[in-house]
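Shown next, in structure tokens, is the structure this report addresses.
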Amino acid sequence: MISYYFNLFGVVMFAMSGAFAALDKNLYKDLFGISFTAFATAVGGGTLRDIILGAHPIAWVADNNYLVAITAGIILMVILRKQLHKIPRILLVFDSIGIAIYTIIGMEKALDLDVAPLAAVVMGLFTAVMGGVIRDTLINEIPQIFRKEIYATACIAGALVYLVLKYTTLPDIWSALISIVTIIGIRLAAVKFRWSLPKLEM
Amino acid sequence: MISYYFNLFGVVMFAMSGAFAALDKNLYKDLFGISFTAFATAVGGGTLRDIILGAHPIAWVADNNYLVAITAGIILMVILRKQLHKIPRILLVFDSIGIAIYTIIGMEKALDLDVAPLAAVVMGLFTAVMGGVIRDTLINEIPQIFRKEIYATACIAGALVYLVLKYTTLPDIWSALISIVTIIGIRLAAVKFRWSLPKLEM
Amino acid sequence: MISYYFNLFGVVMFAMSGAFAALDKNLYKDLFGISFTAFATAVGGGTLRDIILGAHPIAWVADNNYLVAITAGIILMVILRKQLHKIPRILLVFDSIGIAIYTIIGMEKALDLDVAPLAAVVMGLFTAVMGGVIRDTLINEIPQIFRKEIYATACIAGALVYLVLKYTTLPDIWSALISIVTIIGIRLAAVKFRWSLPKLEM
């Protein structure tokens, strides 16, 4: 039940970040472009995860509340767009909370279905970042996960932490919280200190 | 049965519109590029819908007639390309009929599987427009649904009309026809009168 | 069992070719970009095939060895990148072997599930080329299958040969080998003699 509301909260955060990205680009400033981008960002990752896992029905297909939450996120962003545009760091925080929650929710779902442990890490990563990949591909940009490398790497690090903690006697809720804090911490530190992965020369 | 032939008719229309788009672009004028684009345009939307719904087997996988219909559409377009190139409005009409039929077919399929009503609207929209989105993404263009906003909005309007009429005592066939005419009407009027959604400033 | 190791061998080949493509482009030279591209190239086609067929669980989700094989391919390419960069023809040979094996593996899987014969050809093609399409779409390039037309056409030709041979009394292993040699032969000849499909004028 807590995980259900967590999930809806993540959906609102991602819908807002998707709508913000669309509003920020000239071509997408009409309401359909904004809504479609918000939708793809909010449910794209989880939908791809469930399709790969064969886990039907997919949450937003069976339950109207997801599309209502997305609509709420869009309306919130349209109303608050001028105020929020002035404080982009708040969106970074929301986005970081969003990918951290989605990584753990995605791993949990995969592990419940008894997938291979490494595949569960990939599923957590996909849940967190593939909404953004779909969004960026649609708007014809190099996906953010390729531009800001620590973005995905933070999710993978948190997912591996969660995988290790699952084998200890720690209660699941603590494993989840420690992993979420790990992801948020790495992400925010990477932005603040401009961390990036080393580049390989050919 | 009628819906089966309707569907195959839509497949031919969309295959022709996909082949036309490929022929119209320099890079795609060889037969493979044309065929692949026609294929993606014709079955992309329905395939994505069935994958999201978990509705297997997918029509064109189980039934050769779909790929035969696509091949027919490609051959027709290759033979008639010079004549049809001179009358683009005919293609607009075919395309509008295609998205209108696909919207209602997609919603019907979703509602049969007892999905949430709002998700059924999304499924109708996906069936109608995602073939074109895949096509445009593959050929590295901003998807048409973002450029001609009323394109998708017409499908959503028709889908909502259909959803409301389903709750009345009207026979389903009339609900379908009224919704299809609504979509075609909005689409053609939008092109003729250059309607577009209002843009939001940041 | 042989098919299992064949498959893992193909995964390593494709992971190497994906990692090479990423290393060859400026933007993707960090380890995450290389790994993600290698992963998408190696399993993208087979994953799309299994999703369309509804054939769960997908191999790499259920079996850690696939992700281990991809990791091995990435490490191999990172270590050998300077040596292999000097002999690009070797990569062409590996890639040609890869698409040939994947085409037949994909068709076999589809025919096992009793799909329509033409759909099995499409499934073989998808298994072979869609990993590359996803990769090229992600890095914002026109997919290779559209630029080097004989690439996909070779797979389709080999798939049709396999389909015909299945109706003869020839043992399956021979049908497979003849089809694989057909694909590799057409592909290498097309590169050597610069074959391409005729272009259609509008």
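What's the exposure ranking of B:Trp174, A:Trp195, going from fewest to most Cβ atoms within 10 Å? Don't jump to the answer; show the numbers that get you there.
Numbers: B:Trp174 11, A:Trp195 15.
Neighbour counts put them in this order, fewest first: B:Trp174, A:Trp195.
About the Cα centre of the stretch A:2-193, how large is the charge dipole given +1 on each Lys and Arg Cβ and -1 on each Asp and Glu Cβ? Please answer in debye to the nearest 20.
Dipole about the Cα centre, nearest 20: 720 debye.
Go ahead and set up a Gaussian network model of chain B, Cα springs under 10 Å, then flag whichever of B:Gly124, B:Gly185, B:Gly158 fluctuates most.
B:Gly185
For the stretch A:2-193, what size does the Cα cloud have along each of its three principal axes, sorted from largest down, in whole Å?
Answer, in whole Å and largest first: 49, 42, 29 Å.
Among the listed pairs A:Lys199/C:Lys86; A:Lys25/B:Lys192; B:Lys109/B:Lys192; B:Lys192/C:Lys199, give every one whose C-alpha distance is greater than 23 Å.
Details: A:Lys199/C:Lys86 20 Å; A:Lys25/B:Lys192 27 Å; B:Lys109/B:Lys192 32 Å; B:Lys192/C:Lys199 34 Å.
From A:Lys199/C:Lys86; A:Lys25/B:Lys192; B:Lys109/B:Lys192; B:Lys192/C:Lys199, over 23 Å: A:Lys25/B:Lys192; B:Lys109/B:Lys192; B:Lys192/C:Lys199.
With charges only on Cβ, +1 for K and R and -1 for D and E, what is the dipole size of the stretch A:39-150 about its Cα centre, in debye, rounded to 20? If you can, show how the numbers build up before the last one.
Working: 9 positive and 9 negative charges, 128 e Å.
Dipole of the stretch A:39-150, to the nearest 20 debye: 620 debye.
Which of B:Trp60, B:Ala72, B:Met107 sits closest to the plus end of the dipole of the stretch B:1-125, meaning its Cα is farthest towards the positive end, when Lys and Arg get +1 and Asp and Glu get -1 on the C-beta?
Value computed over the given set: B:Ala72.
What trypsin sites (Lys or Arg not before Pro) in the stretch B:95-165 are in a loop by DSSP, with at most 15 other Cβ atoms within 10 Å of the Cβ? If you can, show how the numbers build up before the last one.
Working: sites: B:Lys109, B:Arg135, B:Arg147, B:Lys148; in loops: B:Lys148.
Passing both the DSSP loop test and the Cβ count: no residue.
Straight-line reach from C:Lys166: which aspartates and glutamates fall under 17 Å, measuring Cα to Cα and dropping same-chain residues less than 8 apart?
Partners found: C:Glu108, C:Asp112, C:Asp114.
Give, as ranges by residue number, the residues of the stretch B:180-202 whose backbone N falls under 20 Å from the point 7 Å along Cα→Cβ of A:Lys86.
Taking a point 7 Å out along Cα→Cβ of A:Lys86, the residues of the stretch B:180-202 whose backbone N falls under 20 Å are B:201-202.
Under 10 Å, Cα contacts only: if you run a Gaussian network model on chain C, which one of C:Ile145, C:Ile105, C:Ile184 comes out with the highest mean-square fluctuation?
C:Ile145
How far apart are the C:Val78 label points across copies, placing each 7 Å from Cα toward Cβ, in nm, shortest first?
4.6, 4.7
For C:Leu160 and C:Arg194, compute 0.36 nm times the residue count separating them, minus their Cα-Cα distance, and round to one decimal in nm. Show your work: numbers first, answer last.
Numbers: separation 34, 0.36 × 34 = 12.24 nm, distance 2.26 nm.
Here the answer is 10.0 nm.
Could you list B:Phe9, B:Phe146 so that the one with the fewest beta carbons within 10 Å of its beta carbon is first and the one with the most is last?
Numbers: B:Phe9 14, B:Phe146 24.
Taking fewest neighbouring Cβ atoms as first place, the list is B:Phe9, B:Phe146.
Please order B:Met13, C:Met107 by the number of other Cβ within 10 Å, starting at the fewest. Write out the running numbers ahead of the final one.
Numbers: B:Met13 24, C:Met107 29.
Taking fewest neighbouring Cβ atoms as first place, the list is B:Met13, C:Met107.
Just want to confirm a number: the relative contact order over chain A, from Cα pairs under 8 angstrom separated by 6+ residues, in percent.
Numbers: 250 pairs, mean separation 44.9, N = 202.
Relative contact order for chain A comes out at 22 percent.
Please work out the FRET efficiency for the pair C:Met202 and C:Asp24, using the Cβ-Cβ distance as r and a Förster radius of 41 Å; give the result to the nearest 0.05.
Numbers: r = 34 Å, r/R0 = 0.83.
According to the calculation, E is roughly 0.75.
Counting each DSSP H run of 4 or more residues in chain A as -39500 (n - 2.57), what helix-only mean residue ellipticity at 222 nm follows after dividing by all residues, to the nearest 500 deg cm²/dmol? Kindly include the intermediate steps, with their values, before the conclusion.
Details: 9 runs with 162 residues, N = 202.
Mean residue ellipticity, 222 nm, calculated: -27000 deg cm²/dmol.
Two decimals is fine: what's Rg over Rh for the stretch A:23-108, C-alpha atoms, Kirkwood radius as Rh? Before the final figure, lay out each step's value.
On the way: Rg = 14.3 Å, Rh = 14.4 Å.
With Rg and the Kirkwood Rh in hand, the quotient comes to 1.00.
Find every distance from the label point of C:Leu188 to the corresponding label point in the other copies (7 Å from Cα along Cα→Cβ) and write them in nm, one decimal, shortest first.
Those separations, rounded to one decimal, come out as 5.8, 5.8 nm.
Any chance you could list P(r) for the protein assembly as shown, counting all Cα-Cα pairs in 10 angstrom bins from zero, rounded to whole %?
3, 16, 27, 27, 18, 7, 1, 0
Read-outs: derived from the displayed coordinates by stated rules, not from any lab. Since we're looking at a predicted model, the values are computed, not measured. Reconstructed Cβ throughout: ideal geometry from the backbone, glycine too, with neighbour counts over all protein chains shown.
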